[in-house]
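Undergrad: My structure is below; once you've seen it, I'll send some questions.
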Amino acid sequence: MPDRVILHCDLNNFYASAECISHSEWRDVPLAVCGDPELRHGVVLAKNEIAKKLGVKTGDVIWQAEQKAPGLVVVPPHFDLYMSYSRQMFALYNDYTDMVEPFGADECWLDVTGSQKIFGDGKAMADAIRARVKKESGLTCSVGVSFNKVFAKLGSDLKKPDATTVISRENYKRLIWPLAANEMLMIGRRTYDRLLKYNIVTIGDLARADSAMLKSNFGINGLKMKKYALGDDDEPVREAVKSRAIKSIGHGMTAVRDIETESDARDLIYYLSEKVGARMRKSGVRGSLVSVGMRDSKLFSIVRQRALAVPTYSSTEIAECALALFLDNWNGDPMRTVTVSMSKLEDDDAPRQLSFFDDSYRNDKLEKLDMTLDRLNDKYGHVVRRASLIGKDFLYDKTDAEDFLPFQR
């Protein structure tokens, strides 16, 4: 059976490039798109090629970036602009195949196996896509071409900006195996630190590692990492019209000031829980596992979970459980960031096992109240909110678009 042909398209310096296209006076100067320092998001979200060559990195705080690049232009993010470009580019990709799987606003995989008789081989399509992206939007795009998704992603990372890199069965050991293992999908900093303890430094080391050792120390993910390193990734590219099954829904916030009192914690958790509940109701799912993430002012993080007796999308039920979790695990230190999420999701019309020992009637009443509030807010704008949240100086109205940060994937 012939190999698949997979492309991974990655828009170069996406946010910063969009800003430079919209403001021609910024095209020849170092520029960084940064979060709002007043909301304690004062870090670099994206930088243009000029700033990148001067050493500016995603995640730098603004003063660090300005030291590296004197005269740096700092601009706030404009998510509507970026999403407009993103929609335009994804429409372009769909001209080549309907097998398009997004990986954030600026990246995606394309399975073009069945398109070769029309558009030529993978490299020809990649070059054509890059040319069209540049001509139709002014952006540039790097494209990896390979026989699986993992290697295609590595290919788009190997050469930037505006380049095509082909990773084949003949050259992948030469191109891929010398790379650090954490360059590969699913290997984050903590996993890489653990791999280093076993002298697994590169992707090649991972490919040659003993399977029994990997399974013993990393579980099923250890075998999956080795499979990826060997080029045996067979995960399909999902069609553009098909979305991934939702496994969890959450909302987090770095508060404008640290959370230091139980009252402030209660208000923030109720705010976040309302966001989570509204998303669940919109998606038509209920959940039965509440998770709370906590990060203190020293950036130490923990996550705690608790199961509910009855699946729910009630904001109040979620908030009550989340608040209890928070208080049970809070040592009183100032908290910088709090996240509330729900998992173990099921369709809202799925049969539910009722019990004499839980208050299902109360849950149903709360869910009906939330649905009524959703309809009012959808029709008239966000006109109904908890009185306790009015005027809180540590909250701000974070939009869903703000979750599309390049380092949050």
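Undergrad: Filter region 208-237 for residues that are part of a loop (DSSP other than H, G, I, E, B) and hydrophobic (A, V, I, L, M, F, W, C); which is nearest to Glu101 (Cα to Cα)? Full working, then the answer.
TA: The first filter runs over region 208-237 and keeps only residues part of a loop (DSSP other than H, G, I, E, B), leaving 209-210, 219, 230-237.
Now narrow it down to the ones that are hydrophobic (A, V, I, L, M, F, W, C): 209, 230, 237.
Numbers: Ala209: 31, Leu230: 23, Val237: 6 Å.
Among those residues, the one meeting the criterion is Val237.
Residue-wise test of (1) under 23 Å from the mean Cα position of the chain (by Cα); (2) in contact (Cβ under 8 Å) with a residue 40 or more places away in the chain; (3) not in a helix (DSSP H, G or I).
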residue	(1), (2), (3)
Ser17	yes, yes, no
Val29	no, yes, yes
Gly55	no, no, yes
Thr58	yes, yes, yes
Pro77	yes, yes, yes
Leu81	yes, yes, no
Leu92	yes, yes, no
Asp95	no, no, yes
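Undergrad: Shifting gears a bit: Please verify whether Ile259 is buried (at least 20 other Cβ atoms within 10 Å of the Cβ) and in contact with a helix residue (DSSP H, G or I) (Cβ under 9 Å, 6 or more places away or on another chain), treating the condition exactly as stated.
TA: Spelling it out, Ile259 is indeed buried (at least 20 other Cβ atoms within 10 Å of the Cβ) and in contact with a helix residue (DSSP H, G or I) (Cβ under 9 Å, 6 or more places away or on another chain).
Undergrad: Here's something else I'd like to know. Can we say Gly284 is farther than 30 Å from Asp333 by Cβ, free of Cβ contacts under 8 Å to residues at least 24 places away in the same chain, of a type in the set (Gly, Ala, Ser) and open to solvent by less than 50 Å² (accessible area, probe 1.4 Å)? Let's see the steps before the verdict.
TA: Numbers: farther than 30 Å from Asp333 by Cβ: yes; free of Cβ contacts under 8 Å to residues at least 24 places away in the same chain: no; of a type in the set (Gly, Ala, Ser): yes; open to solvent by less than 50 Å² (accessible area, probe 1.4 Å): yes.
Here the answer is no, as Gly284 does not meet what is asked.
Undergrad: Hey, can you tell me all the residues within region 153-173 that are open to solvent by 50 Å² or more (accessible area, probe 1.4 Å), within 28 Å of Gly219 (Cα to Cα) and out of contact with any Asp or Glu (no Cβ under 9 Å at 6 or more places or on another chain)?
TA: Once the filter is applied, which keeps residues that are open to solvent by 50 Å² or more (accessible area, probe 1.4 Å), within 28 Å of Gly219 (Cα to Cα) and out of contact with any Asp or Glu (no Cβ under 9 Å at 6 or more places or on another chain), region 153-173 yields only Lys173.
Undergrad: Hey, could you check region 297-315 for residues that are within 22 Å of the chain's Cα centre (by Cα) and part of a strand (DSSP E or B) and say which is farthest from Leu369 (Cα to Cα)?
TA: As a first pass, look at region 297-315 and keep what is within 22 Å of the chain's Cα centre (by Cα): 299-305.
Okay, now just the ones that are also part of a strand (DSSP E or B), so 301-305.
Numbers: Ser301: 34, Ile302: 32, Val303: 29, Arg304: 28, Gln305: 26 Å.
Out of the qualifying residues, it is Ser301.
Undergrad: Here's a follow-up. Name the residues in region 9-28 that are modelled with pLDDT of 95 or more and out of contact with any Leu (no Cβ under 8 Å at 6 or more places or on another chain), would you?
TA: Matches in region 9-28: Asp10 only.
Undergrad: Test each condition in (1) open to solvent by 40 Å² or more (accessible area, probe 1.4 Å); (2) of a type outside the set (Asp, Glu); (3) touching a residue at least 40 places away in the same chain (Cβ under 8 Å) for Arg189 and report the one that comes out false.
TA: Tallying (1) open to solvent by 40 Å² or more (accessible area, probe 1.4 Å); (2) of a type outside the set (Asp, Glu); (3) touching a residue at least 40 places away in the same chain (Cβ under 8 Å), Arg189 fails exactly one: (3).
Undergrad: Further question on the same structure: Which of the numbered conditions does Ala240 fail, given that it passes all the others? Conditions: (1) at pLDDT 95 or above; (2) closer than 30 Å to Thr97 by Cα; (3) in contact with a strand residue (DSSP E or B) (Cβ under 8 Å, 6 or more places away or on another chain).
TA: The number of the failed condition is (1).
Undergrad: Next question, about the same structure. Just to be sure I understand, how many residues within region 114-133 are open to solvent by 40 Å² or more (accessible area, probe 1.4 Å), under 12 Å from Thr164 (Cβ atoms) and either of a type in the set (Val, Ile, Thr) or outside any helix (DSSP H, G or I) (or both)?
TA: 1
Undergrad: Report whether or not Ser273 is at negative phi, at pLDDT 90 or above and part of a strand (DSSP E or B). Write out each step before concluding.
TA: Details: at negative phi: yes; at pLDDT 90 or above: yes; part of a strand (DSSP E or B): no.
So Ser273 fails the test.
Undergrad: Give me a count of the residues in region 50-85 that are more than 13 Å from Tyr15 (Cβ to Cβ) and open to solvent by 50 Å² or more (accessible area, probe 1.4 Å).
TA: Matching residues across region 50-85 total 11.
Undergrad: Yes or no: region 332-346 includes at least one residue that is in contact with a Ser or Thr (Cβ under 6 Å, 6 or more places away or on another chain), part of a strand (DSSP E or B) and buried (at least 21 other Cβ atoms within 10 Å of the Cβ). I'd like the intermediate steps shown before the answer.
TA: Let us first name the residues in region 332-346 that are in contact with a Ser or Thr (Cβ under 6 Å, 6 or more places away or on another chain), namely 334, 336-337, 340-341, 343-344.
Narrowing the set further to residues that are part of a strand (DSSP E or B) leaves 336-337, 340-341, 343-344.
Those still in the list that are buried (at least 21 other Cβ atoms within 10 Å of the Cβ) too: 340-341.
Yes - at least one qualifying residue is present in region 332-346.
Undergrad: Determine which member of the set Ala324, Ala307 is open to solvent by 20 Å² or more (accessible area, probe 1.4 Å), among the aliphatic types (A, V, I, L, M), touching a residue at least 24 places away in the same chain (Cβ under 8 Å) and more than 18 Å from Arg279 (Cα to Cα). Walk me through how you get there before you give the answer.
TA: Values: Ala324 fails: touching a residue at least 24 places away in the same chain (Cβ under 8 Å).
So the residue among Ala324, Ala307 that is open to solvent by 20 Å² or more (accessible area, probe 1.4 Å), among the aliphatic types (A, V, I, L, M), touching a residue at least 24 places away in the same chain (Cβ under 8 Å) and more than 18 Å from Arg279 (Cα to Cα) is Ala307.
Every residue, every condition in (1) in contact with a Phe, Trp or Tyr (Cβ under 7 Å, 6 or more places away or on another chain); (2) of a type in the set (Val, Ile, Thr), yes or no:
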| site | (1), (2) |
| --- | --- |
| Ile269 | yes, yes |
| Arg295 | no, no |
| Ala319 | yes, no |
| Ser343 | no, no |
| Glu346 | no, no |
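Undergrad: Regarding Glu25, is this residue surrounded by 18 or more Cβ atoms within 10 Å (Cβ to Cβ), in a helix (DSSP H, G or I) and not hydrophobic (A, V, I, L, M, F, W, C)? Before you say what the answer is, go through the steps one by one.
TA: Details: surrounded by 18 or more Cβ atoms within 10 Å (Cβ to Cβ): no; in a helix (DSSP H, G or I): yes; not hydrophobic (A, V, I, L, M, F, W, C): yes.
No.
The values are calculated or read from the model by the stated rules, or taken from the named source; none is laboratory data. This structure is a prediction, so every number in the text was calculated from the model and none was measured. Backbone-built Cβ (ideal geometry, glycine too); neighbour counts: all protein chains shown. Please note that ligands, DNA and RNA were not included when accessible areas were found on the heavy atoms of the full protein model with its side chains. Shrake-Rupley method; radii C 1.70, N 1.55, O 1.52, S 1.80 Å.
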